[in-house]
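The structure under discussion appears below in the form of structure tokens.
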Amino acid sequence: MQKMTQLIAIFSCCSFAVAHNHDQHKGFDIKVTDHGSGIFELRTDRSGNVAVLIGEDGVFMVDTQMEHLVELIDGAQKKLSNNQDVNLIVNTHFHRDHVRGNVYFKKRGAKIMAHPNVRRYIENPGALKALGRETPTFTPQYSPTIDISKDRSIKMNGQSVALYHTPNAHTNSDIFVVFKEANVIHGGDLVSTRRFPFIDIDNGGSVSGFIAALRSIIEVADADTKIIAGHGPIAKLDDLEASIAMLVDTHSIVKELTEQGLSLEAIKALNPLNSYTQKWHWAFITTERMVTIHYYDITGRLE
Ligand SMILES: [Zn+2]
């Protein structure tokens, strides 16, 4: 039980959150992957994966990670961009491990685009009930500067960069980013390569919306598309299709048991998603938590 309490405290969202200390970044590594056309993936594996598009028009960044990692991220992009500051950012959603670098980059002149629900959440994070997560603390300085409520496209560094909003999926604020000519996508936390996804039922996420979002990504991708995940390794089309098949099946298993009148505790005791554990279970979204997510999604109850 003690162990579980610690786990809940550590995995307050979908990241390996650690204590805030600006010196801690010195102990972290960053892995840079060149995806061509000026697009680089910056991974610390401690927080959401960042992408940058670098070229003559400036530096565009997808997600900003956490305070204690942001200097590491900025240092890595500066090495690639000949010491340029980041000009334009998009937050894929409001979870703290994707937005807490916003303050740092805003101070250095960056404009930050996001769905309006990112600003609403930062102003009022509300109580989190499902999965025992901590409610994050934000100040107005974390807020994005440009609202993106509809699909948008920008042209920068020779790339057509399309921003797609997918309603009620991982959260109610998700945007995925398509670098068209380069055939690279940043899927935010809609993409969770070969592991159970976190679906934030407390904040407008839903299983059907999550599946619809994966289908939206598949629509604009092909077998060669490199799909940067919110966390973990790069995904391919097959990985997204496997996620959909898993979600459809696990949802129907939990739904059937719920309709038989079983309580959440009774369903958990049956371990009905056991056959998925080996391939999909991980530290934050365990097999048991996947049951809980489906149960809340089906019943609308959060406690
Ligand atoms: Zn997230």
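The values are calculated or read from the model by the stated rules, or taken from the named source; none is laboratory data. Everything numeric here is computed off the predicted structure, so don't read it as measured data. Reconstructed Cβ throughout: ideal geometry from the backbone, glycine too, with neighbour counts over all protein chains shown.
Quick notes
- Members of the range 81-106 that are in a loop (DSSP other than H, G, I, E, B) and either in contact (Cβ under 8 Å) with a residue 60 or more places away in the chain or within 16 Å of the ligand (Cβ to nearest atom) (or both): Asn91, Thr92, His93, Phe94, His95, Arg100, Gly101
- Condition check for Asp45: away from the ligand (no atom under 16 Å from the Cβ), charged (D, E, K, R) and in a loop (DSSP other than H, G, I, E, B): no
- The range 228-252 - residue that is within 16 Å of the chain's Cα centre (by Cα) and either within 16 Å of the ligand (Cβ to nearest atom) or farther than 25 Å from Ala182 by Cβ (or both) and, of those, surrounded by the fewest Cβ atoms within 10 Å (Cβ to Cβ): Gly232
- Odd one out for Thr135, checked against (1) assigned to a loop (DSSP other than H, G, I, E, B); (2) of a type in the set (Val, Ile, Thr); (3) touching a strand residue (DSSP E or B) at 6+ places or on another chain (Cβ under 9 Å); (4) more than 14 Å from the ligand (Cβ to nearest atom): (3)
- In the condition set (1) within 14 Å of the ligand (Cβ to nearest atom); (2) in a helix (DSSP H, G or I), Lys78 is compliant with all but (1).
- Close pairs (7 angstrom Cβ cut-off, 6 or more residues apart or separate chains): over 13 Å from Ile285 (Cα atoms) in the range 179-199, buried (at least 24 other Cβ atoms within 10 Å of the Cβ) and among the acidic types (Asp, Glu) anywhere: Gly188/Asp174; Leu190/Asp174
- Subset of the range 109-136 [farther than 21 Å from Val161 by Cβ and over 18 Å from the mean Cα position of the chain (by Cα)]: Glu123, Asn124, Gly126, Ala127, Lys129, Gly132
- Apart from one condition, Gly204 fits all of (1) more than 16 Å from the ligand (Cβ to nearest atom); (2) closer than 24 Å to Arg119 by Cα; (3) surrounded by fewer than 20 Cβ atoms within 10 Å (Cβ to Cβ); the exception is (1).
- Selection from the range 138-173 of residues that are within 16 Å of the ligand (Cβ to nearest atom) and part of a helix (DSSP H, G or I): Tyr142
- Every residue from the range 209-227 that is surrounded by fewer than 23 Cβ atoms within 10 Å (Cβ to Cβ), in contact with a Leu (Cβ under 9 Å, 6 or more places away or on another chain) and under 18 Å from Val291 (Cα atoms): Ile211
This table checks each residue for (1) surrounded by 17 or more Cβ atoms within 10 Å (Cβ to Cβ); (2) under 27 Å from Ser37 (Cβ atoms).
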| position | (1), (2) |
| --- | --- |
| Leu131 | yes, no |
| Tyr142 | yes, no |
| Ile146 | no, yes |
| Arg152 | no, yes |
| Lys155 | no, yes |
| Val161 | yes, yes |
| Val178 | yes, yes |
| Gly188 | yes, yes |
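- Cβ-Cβ distances below 6 Å connect the following pairs, each with a first residue in the range 116-133 that is modelled with pLDDT of 90 or more, a second residue that is surrounded by 14 or more Cβ atoms within 10 Å (Cβ to Cβ) and not in a loop (DSSP other than H, G, I, E, B), and a separation of six or more residues or different chains: Ile122/Tyr142.
- Complete set of residues in the range 14-70 that are among the charged types (D, E, K, R), buried (at least 18 other Cβ atoms within 10 Å of the Cβ) and modelled with pLDDT under 95: Arg43, Arg46, Glu67
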